[in-house]
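The values are calculated or read from the model by the stated rules, or taken from the named source; none is laboratory data. Not measured: the values here are computed from a predicted model. The protein model used for the area step is the full one, side chains on, heavy atoms only, and it has no ligands, DNA or RNA in it. Shrake-Rupley method; radii C 1.70, N 1.55, O 1.52, S 1.80 Å.
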Amino acid sequence: MILSNCTCGSEPVCEPGAVGGRNWDVCCFECGARSAVFPNRTEAVMSWNQINKVDVVINTPEEVQAGGVIEHFIQQIRGRVSAI
């Protein structure tokens, strides 16, 4: 599965966590954006790609720093996946 570029334009990395490779996430080393943690690479990439397809309007820099926008979209995506 192809990993979409970050919203900042940089190429992110999908990597396993330290505990046996059963916890995957996607992160951008340029801007620090990070996905939630998933049990496999496919779910991590799918989540990242969905987040980056959404047009996000951020009103203040504080919203970016809080990570609230990305976390909000992760929760929306999880809701869509569990409804299927």
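Brief remarks on what is shown
- When V45, V13 are compared by accessible area at a 1.4 angstrom probe, the order from most to least is V13, V45.
- Here's how it looks for A33: its modeled amide H is under 5 Å from those of C28, which are all 5 or more places away or on a different chain.
- Amide H within-cut-off set for N23, under 5 Å, with H built and near neighbours excluded: G17
- In sequence order, segment 28-38 has phi-based couplings of 10, 6, 6, 10, x, 4, 8, 7, 6, 9, 10 Hz under the Karplus curve 6.51 cos²θ - 1.76 cosθ + 1.60, θ = phi - 60°, and Gly or Pro positions carry x.
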